[in-house]
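Structure first, commentary second.
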Amino acid sequence: MPRAIDPDTLGFVINDLARLMRATFEEEIEAAAIHITPSEARVLAHMSRCDALQQTRLACLLGLSPMSLSTFIDKLEALGLVERAPDPEDRRAKLVSLTDAATPVLAEIAQAGVRARSRATRGLDAATLDQFRKTARQIRDTLDADRRARAGTDRKHST
């Protein structure tokens with residue numbers, strides 16, 4: 001039976017790439033013997049991209065359920081790597097932020113990321129890699145803008 005769906009379409013390739021990059025990053029985190037799990041390292045790495053943010057927003061960025069993220073945040077908070085504070089703009093929400101104690105752990109995570117990227121990009125010249133990053137960012141930004149525009153339209157129609 002012929003294939004009806006091409007396994008090399010953009011969506012499949014990006015999904016495969018994300019899955020394989022994540023597995024490679026996890027291997028590097030485990031090899032580094034950092035005292036946190038690969039999933040906790042992902043949480044810290046994403047938090048380092050932002051200032052303090054609501055747990056629900058962080059869960060969305062990570063593609064996790066708020067309850068799963070809460071478990072990670074609990075452990076990271078117990079280790080003194082993150083802290084929770086009330087959100088002054090929404091008393092029901094908590095803001096999470098990194099502590100100074102997270103800095104050396106983030107340095108180890110960053111080095112694991114460098115090693116994972118090095119493994120993934122072995123054999124690619126700098127110009128090819130730069131063009132790939134530019135193209136990937138453009139696709140990301142286009143999809144994000146589209147999603148935000150639809151969300152804004154949906155809110156307008158629901159009021």
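Brief remarks on what is shown
- Positive dipole terminus of the chain, leading residue within 131, 151, 36 (C-beta point charges): 151
- Each part reduced to its alpha carbon centroid, the stretch 46-61 and the stretch 134-148 end up 19 Å apart.
- Debye intensity ratio I(q)/I(0), log10, the chain, q values 0.11 Å⁻¹ (C-alpha model): -0.59
- Gyration tensor verdict on the stretch 101-143 (Cα atoms; rounded if a/c is under 1.5, prolate if a/b is larger than b/c, oblate otherwise): oblate
- For the chain, built as a Gaussian network whose Cα springs stay under 10 Å, the top-fluctuating residue of 51, 90, 144: 144
- Helix-derived mean residue ellipticity, 222 nm - over the chain, DSSP H n ≥ 4, -39500 (n - 2.57), to 500: -23000 deg cm²/dmol
- Under 5 Å from the amide H of residue 53 lie the amide H atoms of 96, each residue being 5 or more positions distant or on a separate chain, with H modelled from the backbone and absent for Pro and chain starts.
- Each of 67, 21 has some number of other Cβ atoms within 10 Å of its Cβ, and from fewest to most they run 67, 21.
The numbers here are math on the coordinates, done by the rules we state, and not lab data. Just so we're clear, the structure is a prediction, and the values are computed from it rather than from any experiment. Because the Cβ atoms are built from the backbone with ideal geometry, glycine has one as well, and the counts that use them run over all protein chains shown.
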